Structures are given as structure tokens and as C-alpha cells.
Amino acid sequence: MITYTVLHTIHIFSVFIYGGFLFVDILFLSKMKQSLDEDESKKAREAIMIHVRKVVPYSLMVAVASGIYLFMQTFGQIGADGFTYFQTVLSIKAFLGLWLGLRGVNQKLFGIQPWVFKSHFFPFSLVVIIILLSQFMYI
Ligand code: HEM
């Protein structure tokens with residue numbers, strides 16, 4: 001039980017760092033262009049991104065790895081009637097999380113840029129959906 005609690009806590013912290021950056025980027029950093037000229041906003045953004053790149057991609061990888069463990073502990077058996085409501089919603093959440101994970105690993109470890117949805121708005125929207133699913137999977 002302690003292992004589960006520790007991995008669940010690690011999952012929440014890593015999601016907090018990854019999702020937290022996306023919220024700050026989409027809601028605030030993207031607005032810098034309104035108060036700085038093109039060159040200044042580029043410089044200001046890069047001054048932040050050099051530190052983001054050292055942490056955020058790895059927090060995504062930790063979120064996915066810890067999520068896979070949690071999934072294996074909570075998914076349960078598939079009954080004769082097929083997936084339960086919880087298993088269905090958790091599977092959708094896991095698929096979206098794994099998609100973000102694959103995208104992040106490709107970018108960070110293999111330098112493969114996303115083919116579609118290149119801006120941070122896509123992972124931001126997926127994180128919002130994943131957080132909602134993570135709460136509604138228990139109703
Ligand atoms: C970036 C991707 C991800 C985000 C933003 C995310 C977010 C979250 C959040 C907010 C919770 C709820 C925590 C709580 O209320 O206690 C959660 C729980 C969970 N996540 Fe993720 N997650 C991600 C990836 C994954 C992946 C890839 C998997 C599985 C393959 C996964 C499996 C789980 C499981 C099983 C739980 C339930 C744990 C529990 O309630 O005991 N997550 N996740």
C-alpha cells in the first residue's frame with residue numbers, strides 16, 4: 001500500500017510540474033507579446049525556456065511512468081460484460097497521457113518534433129481533459 005501511495009504522490013507532483021508549466025505558458029507567457037516587442041518577448045521567453053527544458057520534459061516522463069504503475073494497480077479484471085465505467089474512463093485518460101508521453105519522449109530524447117498540433121495549446125487542452133477524466137472516473 002505504501003508503494004502505491006508514494007507512486008500516486010509522485011504522479012500528482014510530476015503532473016503538477018508538467019501541467020503547471022503548460023497553464024503558465026498558455027495563460028501568461030504567450031501574452032508577453034502584448035507588452036514587449038517581438039525581439040524582447042523572444043528573449044524573455046528563451047530566458048525562461050532554458051530552465052523549463054531541464055525539468056518539464058522529465059516530469060512528463062515521470063508522470064507517465066508512475067501512471068502506468070497506478071494503472072496496473074487500479075484497472076482490475078475485465079468482466080464478462082466488458083469494461084466497467086471506471087475502466088473505460090481510465091483507459092481514455094491513460095491513452096491521452098501515453099500520447100503526450102510518446103510525443104514528449106520523441107521530442108526530448110530523439111529530437112522528433114510533433115507532426116501535428118505543434119503549439120503548446122494541444123498538450124494544454126489534453127491536460128485539462130485528463131484532469132477532468134481523473135476526477136469523473138470515480139463517480
Ligand atoms: C500528462 C499526463 C497525465 C496527467 C496530466 C495525469 C493526471 C492525473 C491526475 C490529475 C490524477 C488524479 C489524482 C487524484 O485525484 O488523486 C491522476 C490519477 C491517475 N492517473 Fe494520471 N495523468 C497522466 C498520465 C497518466 C498515464 C499515462 C496513466 C496510465 C497509463 C495514468 C494513470 C492514472 C491512474 C491509474 C490514476 C488514479 C490513481 C488513483 O486515483 O489512485 N496517468 N492522473
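The values are calculated or read from the model by the stated rules, or taken from the named source; none is laboratory data. Computed from a predicted model, the values in this text were never measured in an experiment. Here Cβ is always computed from backbone atoms with ideal geometry, including for glycine, and neighbour counts include all displayed protein chains. Protein only, heavy atoms only, side chains kept; ligands, DNA and RNA dropped before computing areas. Shrake-Rupley method; radii C 1.70, N 1.55, O 1.52, S 1.80 Å.
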Average accessible area per residue (Å²) across the range 42-117 - probe 1.4 Å, nucleic acids and ligands excluded: 64 Å²
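In the chain, carbon and sulfur make up what percent of the accessible area (probe 1.4 Å)?
Within the chain, the accessible surface is 74 percent carbon and sulfur.
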Run the numbers on the chain and let me know its relative contact order in percent, using alpha-carbon pairs under 8 Å that are six or more apart. 33 percent
Restricting to lysine pairs 8 or more places apart or on different chains, what number in the chain have Cα atoms under 15 Å apart? 6
Work out, step by step, the length gained on full extension between Ile129 and Gln107: first 0.36 nm times the residue separation, then minus their alpha carbon distance; give nm to one decimal. 5.7 nm
Once you wrap a convex hull around the alpha carbon atoms of the chain, what is its projected area averaged over all directions, in nm²? 10.2 nm²
Residue-normalised 222 nm signal for the chain, counting each DSSP H run of n ≥ 4 as -39,500 (n - 2.57), nearest 500 deg cm²/dmol, is -27000 deg cm²/dmol
What does the highest-first list of 72-78, 96-102 look like by mean Cβ count within 10 Å? 96-102, 72-78
Additional length obtainable on full extension of the chain from Phe23 to Ile2, 0.36 nm per residue less Cα span: 4.5 nm
Residue separation times 0.36 nm, minus the C-alpha to C-alpha distance between Ile68 and Ser119: what's the value? 15.8 nm
